[in-house]
Amino acid sequence: MTHDAAAATDAHANLHAGFRWQVPANFNIAQACCARWAQQTPQATAIHYEHEDGRAGRFTFADLQHNANRLANALRGLGVGCGDRVAVLMPQRFETAVAHMAIYSIGAVATPLTVLFGPEALEYRLNHSDCVVAIADEAGIENLLAVRALGPALRHVIAVGDAQGRGDADWSELLLRASPEFTALQTRADDPAVLIYTSGTTGPPKGALLAHRALIGNLSGFVCSQNWFPDRANAFWSPADWAWAGGLLDALLPTLYFGRAIVAYQGRFTPERAFELMQRHGVTHSFLFPTALKAMLKAVPHPRSRYKLKLRAIMSAGEAVGDTVFAYCREQLGVSVNEMFGQTEINYIVGNCATFLDDQGRRHPGWPARPGSMGRAYPGHRIAVLDEAGRECARGVAGDVAAHRRDVHGAPDPVFFLGYWKNNEATRAKYSGDPKDSWCRTGDMAVMDLDGYLWYQGRADDMFKAAGYRIGPSEVENCLVKHPAVANAAVVPKPDAERGALVKAYVVLAPGHVASDALIDELQRHVRGKLAPYEYPKEIEFIDVLPMTTTGKVQRRILRLQEQARAQAR
């Protein structure tokens with residue numbers, strides 16, 4: 001490609017130069033995502049709902065607003081005030097979206113909780129957040145009721161769906177009695193809207209408090225990673241749980257913000273079901289975890305021969321995508337996957353954006369994705385790689401990915417969280433200096449190349465040294481997954497008296513493959529032939545399933561602690 005041709009497909013610098021944040025003093029997520037569309041396009045589809053048992057439904061923006069108004073009045077009747085926390089313990093379903101719109105409308109704070117939480121995890125978050133009301137369906141009501149007596153702040157439990165009759169009030173009856181007329185509270189952009197608890201990979205989970213403006217801060221990344229959404233958008237779908245930032249801020253809220261339809265699927269993820277959903281609803285845009293894409297690659301290697309797909313964009317985040325998955329998306333799905341990086345605290349800050357032509361032949365410039373790279377800073381975000389002293393690392397040197405509170409023009413970046421709930425010390429520790437005008441560290445290690453692309457190395461606490469060499473697990477894992485026998489892999493240090501640590505890989509086999517010493521030798525030779533000699537796994541252990549967080553990230557910490565415990569036992 002000539003220099004001029006390359007420049008024509010790379011508008012990154014121009015996009016940053018021309019981008020300015022537009023953050024009004026008053027802003028409310030419910031008004032932006034629901035109320036305005038209920039007025040402008042009331043019969044447009046907001047949510048396509050499907051349950052794995054076959055139940056289905058279509059809900060318009062008018063439906064969403066009507067139900068949100070009734071719930072807002074009901075919550076007010078239960079004594080929920082401005083700033084009070086309301087737990088939402090439900091999977092992807094229409095009522096989940098209604099609950100969020102109602103909570104934001106009254107100026108309360110939504111505390112989304114995944115139905116995968118056990119009683120102890122629920123008890124901690126409910127008590128720590130001092131939630132006054134919890135809304136739960138059949139998927140979460142049992143664990144909620146088991147710990148309810150341990151939460152003194154929790155005054156009311158609203159039961160939804162098949163859980164009705166088991167709480168203090170039933171959703172259907174509450175909404176039936178409430179008025180459909182409600183005037184939303186005028187909130188400031190800086191007012192708190194969402195309290196999301198992090199995965200808790202180091203220490204107890206921390207509650208990240210997000211303002212209404214955080215949604216605005218997500219939009220530049222969302223638009224870019226979805227290849228200029230909402231152009232030709234038909235429907236959005238992601239298996240990401242709406243209880244997490246990935247599902248809420250990267251899928252549900254931005255899709256509704258642009259007045260487009262989102263698919264809510266209540267059921268277990270399988271590759272075949274994912275393709276069926278995308279075909280049935282004409283899904284054009286999606287967010288799929290690398291673990292989901294790896295499963296789809298192994299189960300359905302040639303999807304376009306079986307399904308009629310309309311995909312125009314896929315964003316992926318949570319783990320490094322790797323060039324194997326990148327090639328699958330490009331060659332088999334017809335889409336160059338846009339990798340994205342962010343955190344609950346500062347979401348959607350780095351990624352990719354493809355250049356393409358819209359229906360009118362207009363060219364939307366982006367920047368070319370480089371397989372294996374996390375991408376570059378999205379417009380509006382100033383990104384650097386820092387060393388331990390807080391200085392910017394030289395290009396090509398690994399460091400901690402950080403975002404500055406101010407963009408390249410010196411304006412405040414609205415994506416930043418307000419702070420950790422009841423933990424000012426942790427909030428201060430997140431920054432290298434003044435929290436209002438400094439770098440915010442992510443704890444994720446990466447290398448930035450000369451063109452500003454970031455190359456993921458792993459969590460800071462996932463990096464380790466073996467025989468004096470610094471090992472980033474992501475590169476070794478990606479290499480292993482390229483082998484047809486490997487469905488997924490996790491690399492951790494195994495304590496060793498002579499070398500400090502050995503590189504060890506936990507491997508999940510693809511269907512049709514059997515563990516053997518011969519396969520171990522084959523996998524070791526496979527990695528040794530592609531990476532540096534010191535990076536290949538000296539030991540491989542086959543495992544049925546890797547420990548994962550509920551957000552789809554591999555919990556290497558669990559495997560690392562397991563290796564430490566084994567070493568102590570030896």
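The values are calculated or read from the model by the stated rules, or taken from the named source; none is laboratory data. The model shown is predicted, which means the values in this text are computed figures rather than measured ones. Note: ideal-geometry Cβ built from the backbone for every residue, glycine included; neighbour counts use all protein chains shown. Just the protein is used for accessible areas: all its heavy atoms, side chains included, with ligands, DNA and RNA removed. Shrake-Rupley method; radii C 1.70, N 1.55, O 1.52, S 1.80 Å.
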(message) What distance in nm lies between label points placed 7 Å from Cα along the C-beta direction at residue 9 and residue 555?
(response) 4.2 nm
(request) Mind giving me the nanometre distance, one decimal, between the label points for residue 393 and residue 496, set 7 Å out from Cα along Cα→Cβ? (result) 2.4 nm
(request) Quick one: angle between helix 556-569 and the longest Cα principal axis of the chain, in degrees between 0 and 90, rounded to 10, please. (result) 60 degrees
(message) Report the gain in length on full extension from residue 465 to residue 438: 0.36 nm times residue separation, minus Cα-Cα distance, nm rounded to one decimal.
(response) 6.7 nm
(request) Pop the C-beta distance of residue 545 and residue 120 into the FRET formula with R0 = 25 Å and round what comes out to the nearest 0.05. (result) 0.70
(request) Per residue of segment 132-145, in order, report the coupling 6.51 cos²θ - 1.76 cosθ + 1.60 (Karplus, θ = phi - 60°) as ³J(HN,Hα) in whole Hz, putting x for Gly and Pro. (result) 9, 9, 10, 10, 9, 10, 4, 6, x, 5, 5, 5, 5, 5
(message) Could you tell me the center-to-center distance, by alpha carbons, between segment 55-115 and segment 193-249 in angstrom?
(response) 17 Å
(request) Starting from one equal scatterer on each C-alpha and no solvent at all, send me the Debye-based log10 I(q)/I(0) for the chain at q = 0.13 Å⁻¹, two decimals. (result) -1.46
(request) Treating the angle as unsigned and between 0 and 90°, give the value, to the nearest 10°, between the Cα long axis of helix 271-280 and the longest Cα principal axis of the chain. (result) 50 degrees
(message) On a straight-distance basis, which lysines could pair with residue 430 in a cross-link, Cα separation under 29 angstrom, same-chain partners fewer than 8 positions away excluded?
(response) 206, 422, 465, 553
(request) Just read off the accessible area of residue 150 with the full protein assembly in place, 1.4 Å probe, to the nearest 10 Å². (result) 90 Å²
(request) Convert each backbone phi in segment 14-28 into a coupling constant with the Karplus relation 6.51 cos²θ - 1.76 cosθ + 1.60 (shift: θ = phi - 60°), then list the ³J(HN,Hα) values in order as whole Hz, x for Gly and Pro. (result) 5, 5, 5, 5, x, 8, 9, 5, 10, 10, x, 5, 10, 7, 10
(request) Just the Kirkwood number for segment 487-558, please: inverse of mean 1/r across all distinct Cα pairs, in Å, one decimal. (result) 13.2 Å
(request) Scan around residue 111 for amide H atoms under 5 Å from its own, H built in the peptide plane at 1.01 Å from N, and keep only partners 5 or more places away or cross-chain. (result) 86, 87, 88, 195
(request) Compute the separation of the alpha-carbon centres of segment 413-441 and segment 252-303 and state it in Å as a whole number. (result) 34 Å
(message) Give me the extension gain from residue 531 to residue 424: residue separation times 0.36 nm, minus the current Cα-Cα distance, reported in nm with one decimal.
(response) 34.2 nm
(request) With label points built 7 Å along Cα→Cβ from the Cα atoms of residue 56 and residue 516, find their separation and express it in nm. (result) 4.5 nm
(request) May I ask you to derive the FRET efficiency for residue 363 and residue 566 from their Cβ-Cβ distance with R0 = 51 Å, giving the value to the nearest 0.05? (result) 0.35
(request) Would you grab the residues whose amide H sits under 5 Å from the one on residue 496? Only those 5+ places off in sequence or on another chain, please, with H modelled 1.01 Å from N. (result) 501, 502
(request) Name the residue farthest towards the positive end of the dipole of segment 249-337 from the options 301, 327, 317, assuming +1 on Cβ of Lys and Arg, -1 on Cβ of Asp and Glu, about the Cα centre. (result) 301
(request) Quick one: what are the phi-derived ³J(HN,Hα) couplings along segment 403-411, Karplus 6.51/-1.76/1.60 with θ = phi - 60°, whole Hz, x for glycine and proline? (result) 10, 8, 4, 10, 6, 5, 9, x, 8
(message) I'm checking a number: the convex hull volume of the Cα atoms of segment 1-101, normalised per residue, in Å³. What is it?
(response) 217 Å³
(message) Taking the 0 to 90 degree range and rounding to the nearest ten, how far is the long axis of helix 94-105 tilted relative to the main principal axis of the chain, both from C-alpha atoms?
(response) 70 degrees
